[in-house]
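K.L.:
Structure in structure tokens, see below.
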Amino acid sequence: MNREEIIQNYNDCVVGSYTKTGLVFVKGQGSYLWDIEGRKYLDFFPGWAVSGLGHCHPAVVEAVKEQVSVLMHIANNHYHPWQGLLARRLSELSFGGKVFFCNSGAEANESAIKIARLYGNKTGRYKIVSMENSFHGRTLATVTMTGQSKYNKPFEPLPPGFSHVPFNDFDALRKAVDGQTVAVMLEPVQGEGGINVAGVEYLKRVREFCTEKDLLLMFDEVQTGFGRTGKLFAYQHFGVVPDVMTLAKTLGGGFPVGAMVAGRDIAALMVPGTHASTFGGSPLACAACLAVLDAVEKEHLLENVQTAGDYLRMKLQALKEKFPERIKKIKGLGVMLACELDRDGSELVKACAENGLLINCTHVNILRIMPSITVTKEEIDGAVEILGKCLGVIK
Ligand code: PLP
């Protein structure tokens, strides 16, 4: 099939719910993608943070290849060796809770919403307060929890029990909580909302407040999890521990997975029949996740994020000094960085792609630069060179 035929198939038969770039990719390896004409691109937004270990990481490929011929799927009313093993590792690496497995970030957040409702049942509480500019997924409940009306307004009437307050504003949160509130949900670093990092003091106050009011503190680590910020989970930067955490994206290294981790007392509320996912935690998915965790440890990827993240930030800072009228601010943590532009970034994103660099723009003027956690200095040099060249030519 050539490029035109591939696009024609989409135009004819795929629901048009995505804004398309026009690029057709056929191969990926590490930080690189190749399009159908053989052009090579540096991917600094790999799979919207899914391919966090780079494309086709060899350890994940091997693990999936091996598992696929042994056992792909088994119904969740049976046991298999890999799900419990993965749950144990996630539990030990985080806050000692129990894990529910599913297939995406939205599903992980649905699970969090459902566990919060179960938690509230005994006291008649059901409301969840989340943040303005948050992003939690596209199912009806998670898009309602998402604090951006552009995503949920078209689907009104929305499910009840969700409200939003400004991020990093403790007083607004305190005022929004009433006798029917059961949980607070937030991303420690807002991703889609523009790479907004939570304040340390703010998160500490939120934690204390949730404990005092018996509210579940739930962190959406779908985008921040698995090393992107320099710690395995972003909450580990802040000296606070959530009651519930949701994961997806990099967890599977490209394989579709999601997970919700809940403290043991809370997890105990999900008794048989309360929640399920047919595909969740399959042997194949778990093999991919275990390979991701092994690679993060064996390849010292958290250390890599710290050094690569500092280097990338320093290079972006230098670009900001070169183009002070175009770049207003550099923000983020680890390799979850952004340049706040003085203008709509879509033209710049397009120019970068034409020059072989893939990045993303969110909230009109926030350029998201989120390479894989395996990124090298040479790849960063290459990306920043292209970005600098494009910043110099856009009008
Ligand atoms: N939560 C966050 C923070 C996200 O960034 C996303 C997706 O971008 C989601 C949830 C939804 O994940 P998925 O698209 O896998 O359902």
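K.L.:
Hey, which of these cross-link pairs are over 18 Å Cα-Cα: K122/K213; K150/K249; K328/K395?
P.N.:
Checking Cα-Cα distances, K150/K249 exceed 18 Å.
K.L.:
Between the helical axis of 377-393 and the dominant principal axis of the chain, each derived from Cα atoms, what acute angle in degrees is found, rounded to the nearest 10?
P.N.:
70 degrees
K.L.:
Under a plain spin-label model, where a point goes 7 Å from the Cα along Cα-to-Cβ, how far apart in nm are D294 and S163?
P.N.:
Inter-label distance under the simple model: 4.9 nm.
K.L.:
If you don't mind, another one. When DSSP beta bridges are limited to those with both residues in segment 71-298, what percentage is antiparallel, rounded to the nearest 5?
P.N.:
Bridges in segment 71-298 are about 40 percent antiparallel.
K.L.:
Could you let me know the centre-to-centre spacing of segment 329-370 and segment 260-318, using Cα atoms, in angstrom?
P.N.:
Between the Cα centre of segment 329-370 and that of segment 260-318, the gap is 25 Å.
K.L.:
Could I ask something else about it? Within 10 Å, count the other beta carbons around each residue, average over each peptide in 308-315, 213-220, and list them highest first.
P.N.:
So the order, starting with the most tightly packed, is 213-220, 308-315.
K.L.:
As a quick test, which of the pairs K204/K329; K231/K320; K320/K389 have an alpha carbon distance above 22 angstrom in this structure?
P.N.:
Among K204/K329; K231/K320; K320/K389, the Cα-Cα distance tops 22 Å for K204/K329; K231/K320.
K.L.:
Now, a different point. Give me the mean projected area, in nm² to one decimal, of the convex hull enclosing the Cα positions of the chain.
P.N.:
Dividing the Cα hull surface by four gives the mean projection, 20.1 nm².
K.L.:
Something else about it: Can you work out ³J(HN,Hα) from phi for every residue in segment 346-359, in order, using Karplus 6.51 cos²θ - 1.76 cosθ + 1.60 and θ = phi - 60°, giving whole Hz and x for Gly and Pro?
P.N.:
5, 5, 5, 4, 5, 5, 4, 4, 4, 9, x, 10, 9, 9
K.L.:
At 7 Å along the Cα-to-beta-carbon direction for both V393 and Q8, put a label point, then send me their distance in nm to one decimal.
P.N.:
With each label point 7 Å from Cα toward Cβ, the separation is 3.2 nm.
K.L.:
Measure nothing but the geometry: give the 0 to 90° angle between the long axis through the Cα atoms of 3-13 and the longest principal axis through the Cα atoms of the chain, rounded to 10°.
P.N.:
On a 0 to 90 degree scale, this one is about 30.
K.L.:
Quick one: net charge of D35's neighbours, Cβ under 15 Å, K/R +1, D/E -1?
P.N.:
With Lys, Arg at +1 and Asp, Glu at -1, the net is +1.
K.L.:
Nearest 10 degrees, 0 to 90: what angle lies between the long axis of helix 58-68 and the longest principal axis of the chain (Cα atoms)?
P.N.:
50 degrees
K.L.:
Restricting to DSSP H runs of at least four residues, report the calculated mean residue ellipticity at 222 nm for the chain, -39500 (n - 2.57) per run over all residues, nearest 500 deg cm²/dmol.
P.N.:
Result for the chain: -12000 deg cm²/dmol, rounded to the nearest 500.
K.L.:
Which order do peptides 343-352, 77-86 fall in by mean Cβ count within 10 Å, highest first?
P.N.:
343-352, 77-86
K.L.:
In straight Cα distance, which aspartates and glutamates are under 18 Å from K40, not counting same-chain residues fewer than 8 positions off?
P.N.:
Within reach: E354, E378, E379, D381, E385.
K.L.:
Among 322-328, 97-103, how do they line up by average Cβ neighbours within 10 Å per residue, starting with the highest?
P.N.:
Descending packing order for the listed peptides: 97-103, 322-328.
Since every read-out is calculated from the coordinates, none of them should be taken as a lab result. All figures in this text were calculated on a predicted structure; none of them were measured in a lab. Neighbour counts run over all protein chains shown; Cβ positions are idealised from the backbone, glycine included.
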